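Input: a single structure, listed below in structure tokens.
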Amino acid sequence: MTMTLTQQILTIMAVVLGTMTTRFLPFLLFPAGKTTPAFVQYLGKALPAAVFGLLVIYSLKDVQLLTGSHGIPEAISIAMVIILHFWKRQMLLSIAGGTICYMLLVQLVF
């Protein structure tokens, strides 16, 4: 099923509107001269750890310790994430490094 030209234009407009809203809304709600509300500051501190925990749980939910590779690639990748995070203290680097390590292990070793 293909989209008509009108549907394509409307879809692009909706995506642009959604993107622009999420980009500009924080600057409108929290201008540079005003202090950021305590609740928003709390979310800025709490959400990165919550997202990291969610990624760990989601990544490990289907690991079978008694069959297949016995969770060895996952354990090595988790160790890589921990090492990278304590070394550089950059969450994006830790997540990317662990993901790359896992994909290489699964594709090339196990």
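Computing the accessible area with a 1.4 Å probe over protein heavy atoms, can you report the carbon and sulfur percentage for the range 18-110? Walk me through the numbers on the way to the answer.
Values: 5490 of 7480 Å².
Carbon with sulfur: 73 percent of the solvent-accessible area.
Where does the chain land at 222 nm, in deg cm²/dmol rounded to the nearest 500, when only DSSP H runs of n ≥ 4 count, each adding -39500 (n - 2.57), divided by all residues?
On the way: 4 runs with 79 residues, N = 110.
Value at 222 nm, helices only, nearest 500: -24500 deg cm²/dmol.
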## Note on the structure
HN-Hα couplings for the range 53-65 via Karplus (6.51, -1.76, 1.60; θ = phi - 60°), in whole Hz with x for Gly/Pro, come out as x, 4, 4, 5, 5, 5, 5, 9, 5, 10, 6, 9, 6
### Karplus (6.51, -1.76, 1.60) ³J(HN,Hα), θ = phi - 60°, over the range 87-93, in Hz, Gly and Pro reported as x
6, 9, 6, 10, 4, 4, 5
#### Entry: Cβ-based charge dipole, the chain, positive-most Cα from Cys101, Thr21, Leu66
Thr21
### Summary
1/(1 + (r/R0)^6) with r = Cβ-Cβ of Leu54 and Met13, R0 = 30 Å, i.e. FRET efficiency to nearest 0.05, evaluates to 0.40
### Query
What number, in percent, do you get for the relative contact order of the chain if the mean sequence gap of Cα pairs under 8 Å and at least 6 apart is divided by its residue count?
15
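The values are calculated or read from the model by the stated rules, or taken from the named source; none is laboratory data. Just so you know, these numbers come straight off a predicted model, no measurement behind them. In this analysis, Cβ positions are derived from the backbone assuming ideal geometry, glycine residues included, and neighbour counts consider all displayed protein chains. Surface accessibility is based on the protein's heavy atoms, side chains included, excluding ligands, DNA and RNA. Shrake-Rupley method; radii C 1.70, N 1.55, O 1.52, S 1.80 Å.
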